[in-house]
1. Volume per residue, Å³, of the convex hull around the alpha-carbon atoms of the stretch 146-236?
2. So what's the projected area for the stretch 284-391, the Cα convex hull averaged over all directions, in nm²?
3. Can you pull a Stokes-Einstein diffusion coefficient for the stretch 240-292 at 20 °C (1.002 mPa s), Rh from Kirkwood over Cα pairs, as a whole number of µm²/s?
4. Determine the percent antiparallel among the DSSP beta bridges restricted to the stretch 262-466, to the nearest 5.
5. Translational D (Stokes-Einstein, µm²/s) of the stretch 299-345 at 4 °C and 1.567 mPa s when Rh comes from the Kirkwood sum over C-alpha pairs?
6. Dimensions of the stretch 262-466 along principal axes (Cα, Å, largest first)?
7. Where does the Debye-calculated log10 I(q)/I(0) of the stretch 431-505 sit at q = 0.19 Å⁻¹, using only Cα point scatterers of equal weight, no solvent?
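Bear in mind that the values in this text are calculations on the coordinates, not laboratory data. On a predicted model such as this, the values are computed, not experimentally measured, just so you know.
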Amino acid sequence: MACSARPPRSVIVSAAPPPELAQARADLGKRLAEARKSAGYTQETLAPLTHYVRSTIANVERGRQSIGRDFWVRCDEILQTGGVLAVEYDRLRVLVTRSTAGHFDDGRARGATVATRTETPGPTALSLLAPQAANGDFAPQTYVVDLWAPAGRFFPGLAIPAFVHPAVAEDGRVLAAVPAGYCDDRLLRTPRRSLVVGRIETDQGAQLFGLDARHARQRLAQAPPDARLVIPQAYQLDELVLALLWAVANLDEALLADDARIEQATAELASYEQMSRSAVSHDLAADVSDVGRMWLGSVFCAGHIHRHAEALTSTPAYWTREQRGEEASTWLLFAHKLRYLDLTAARAGSHRIIRAFCIPRAAVDASPRGERILLLLAVALMESYGIEVVITDEPEYAGTPGFVTDSDRHAVLANWVGAQGIWHVDVSDDHRTVRQYGAAINHASGRSVIAAASPPARLRVLTEYLDLNWETLASRCRDLADQGCAAVVKPRSRHLSTAGIDRACRYLADAAALTD
């Protein structure tokens, strides 16, 4: 799409995380100077690039035609050795890297994102788990940046394109100045997840506000061609929203890729539902991602507990193995988790239900703030169902498997977090086993690091234990609950839902109001 009325733009071709690019540029400095000199580039040579913003591949192919064959030959020479080519001009920069994201038709240089020209090039990626490192310090005219959703212990990691436009705050809204006819732009029609971002300049620096690209298209569909995009201020890309986006994007990407195989594996593994004891190896779903196996294990364990709940003769207590936000985010996002919590609460009626965690201090210290926020929201979700959460910080209990027990005669083992296979389930009436599980619950309850008389008080103490700011999080959760989070972090997979996030945010905000 021609955009000659907008400020001139250049092209940045890159797919690697910023640290990798920075190191590559430093190591290959001499090589880069040679590349620039040998091709004899001038600003005039590159002028045709400054007026086009299209899809990633289209930009690069246009660059091939405009810059000339010699440039790409030199690129290919460096890329064949696994290097990074970075050619610097007056106010123009081109980076070409080898990566797994995207590709040219001939398979030479892989990966591309397109950004605008900057007087002083700023960062081109923002880690969703380390937003404070970038501090929103993007160059004023940046057009595309990568929101980098790093890999975790299970999450695959991916880059989310964000199309950034200047914006202003007006009457409690953010109004982003998008190009005329933007809803028909190919950038917004990509099937992959992307964001449209409004950037506001303030005395304290830039503030970024985002909408899922599909939602942005819906908002602009019936608007006049020159309309600005309205973005609720609740969708500020701060630690809370970026942490949610990190979890949603990683789970969504993996589950969408695994969808057909998960459907097949679910049917293949259905026979295990007739067994009271089973342990399924990863080999039975070897071609499913870590996240896909997490989903298979989680849904089977939830069903196993439900199928054997009648064996429990009194109000049960639960033990769960999540220690960090990556695993805990499944409570917020796996759709079957909400159904499981509904059944748990309905079965208990007015009786007290306890769910115990072991979260050692070392696990807290090793977790980015975004992961700790997800863990807090998962606990808030459970408390919203009337489930009292207790937490022990003693690492000796870290290896305790997930289970349910009536502390009387029965225990139902249902473990998928940290299991050797996809799941390990059992039903036991062995006195020693039941007694051991009951003792673990009693110990965690008697020495809970978040012990308090009410759910709001427990959540506040947990916030302190996780080194988070109670007032700030409560305020942001209230904003997000009022708007609903789907417009900024909407999942595509049928196995995911944002209903748990909205419920947890509302509950935490209401709990804060009771403690003020």
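1. Looking at the stretch 146-236, the number lands at 110 Å³ per residue.
2. 7.6
3. Stokes-Einstein gives a translational diffusion coefficient of 168 µm²/s.
4. Counting DSSP beta bridges with both partners in the stretch 262-466, the antiparallel share is about 60 percent.
5. 109
6. Principal-axis extents of the stretch 262-466 (Cα, largest first): 45, 38, 31 Å.
7. Calculated log10 I(q)/I(0) at the listed q: -0.89.
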